[in-house]
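What follows is a single structure, written as structure tokens, with notes after it.
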Amino acid sequence: MATASLARRIGMAIVKATNNTSSGNGWFSPHMAAASRAIAERIPLVDLVLEVRDARIPLSSAYKQLENYTSSSKRIIVMNKVDLANRSQLKEWMKYFEQNNCISYGVNAHNKESIKQFLNFLQARVRELNNNDNSSYTATILLLGIPNVGKSALANSLHRFGRISAAEKGKLKHATVSPQPGETKDISSLKIGSHPNIYVLDTPGVLPPEIHDVEVCTKLALTGTIIDCYAGEKELAQCFLAILNRSDEYKKWANLSNSENGRTLIDHSIECSNSSKDIKRKRRYSADHTQDFIVQDVRQILFKTISSFNGDMEDEMLIEEQIKALQGVFQFPLESKKNTQYKAELKLLNLFRTGRLGHYTLDSIPRNL
């Protein structure tokens with residue numbers, strides 16, 4: 001099957017490239033090794049450890065080095081990016097962790113209500129630690145995980161909301177947030193609560209020195225934990241399309257052309273063609289693939305290519321047809337027609353990773369444990 005063969009090719013390419021430390025290509029750099037040691041030294045000293053995982057890959061995004069350091073009562077598995085994951089499967093994962101005596105919590109680091117509820121949850125846990133109900137009590141929470149699971153975004157949101165709730169003034173300190181994995185370089189301390197005082201330590205993302213499981217490597221690459229160059233943007237885009245084609249997500253887009261808001265790129269182009277100002281706006285919109293009307297067109301063309309295909313949904317011919325169709329949807333300017341397939345694959349990956357093309361949970365719950 002295409003999905004399995006694509007995933008295996010990607011995983012094997014990553015394993016080969018990243019585990020070849022003799023050539024200097026390994027991801028476990030001296031910086032990451034130093035960060036790993038610094039994190040290990042702090043684990044015994046903190047009150048709680050929040051292991052942040054990607055809700056789309058609750059098992060593959062586990063922080064493996066943590067297994068030898070802390071008790072289950074001290075660790076909380078925080079599944080971030082719940083807005084990108086399949087909701088029903090997320091509930092099943094919550095049940096799985098509960099059955100395995102792991103405390104877990106699902107959160108969206110960019111949603112205020114979600115952060116508010118999570119902060120209330122953390123404050124309740126800290127109050128349990130503070131048996132004497134001492135308002136001057138200080139608790140420290142260590143935030144750790146692999147790269148690009150959203151640790152810094154979560155730390156910033158907790159700090160921002162906690163600071164407002166406590167009516168604390170002063171310059172807002174924040175952790176560095178980047179869409180690229182591995183951008184956090186140092187451990188930073190941010191206050192997220194008062195009475196009692198609660199501080200969260202944001203740490204750099206750390207991967208194991210080596211990963212030999214090709215399936216795990218593929219899932220990490222698809223979700224952006226591993227930089228794209230190890231696997232290849234073309235291969236990752238093809239792998240996503242293979243996943244989409246055998247899912248039910250595309251079926252939700254069947255009525256887009258009949259909805260009020262389902263304007264096509266052609267409709268929008270006609271509407272914007274009456275003045276020089278509108279022409280400039282059209283060009284700007286056409287270059288921005290995140291605009292709603294372009295996303296609608298992408299969904300529409302993917303639905304049409306899948307529903308009209310008569311062969312196996314995992315056939316690579318279907319994937320090739322979809323990539324070709326997407327090049328037209330993204331409307332690349334005439335002066336940038338070179339490498340349009342590559343550019344279309346990049347835009348497609350971005351839309352998938354930001355949840356604009358459906359909600360996916362790539363890990364299956366282990367049935368033999």
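Numbers for the structure displayed
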| read-out | value |
| --- | --- |
| Burial ranking of peptide ranges 101-113, 151-163 (average Cβ count within 10 Å, highest at the top) | 151-163, 101-113 |
| Listed pairs 91/343; 16/74; 95/343; 116/234; 191/219; 91/251 exceeding 29 Å between Cα atoms | 91/343; 16/74; 95/343; 116/234; 191/219 |
| Sum of side-chain charges, residue 232 neighbourhood, beta-carbon under 10 Å (Lys, Arg +1; Asp, Glu -1) | -2 |
| Environment charge of residue 54, counting only residues whose C-beta is closer than 14 Å and scoring Lys/Arg +1, Asp/Glu -1 | +3 |
| Long-range amide H partners of residue 104 with built H, under 5 Å | 77 |
| Integer Hz, Karplus 6.51/-1.76/1.60 couplings in order for segment 37-44, x for Gly and Pro | 5, 5, 5, 4, 5, 8, 3, x |
| By average C-beta atoms within 10 angstrom, highest first, the peptides 355-361, 344-350 | 344-350, 355-361 |
| Surface accessible to a 1.4 Å probe, residue 317 within the full protein complex, Å² | 130 Å² |
| Integer Hz, Karplus 6.51/-1.76/1.60 couplings in order for segment 93-109, x for Gly and Pro | 5, 4, 5, 4, 5, 4, 5, 9, 6, 10, 6, 9, 8, x, 8, 10, 5 |
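The values are calculated or read from the model by the stated rules, or taken from the named source; none is laboratory data. From a predicted model like this one, the values you see are computed outputs, not experimental measurements. Virtual Cβ from ideal backbone geometry, glycine too; neighbours counted across all protein chains shown. To get the accessible areas, we keep the full protein, side chains included, count just its heavy atoms, and leave off ligands, DNA and RNA. Shrake-Rupley method; radii C 1.70, N 1.55, O 1.52, S 1.80 Å.
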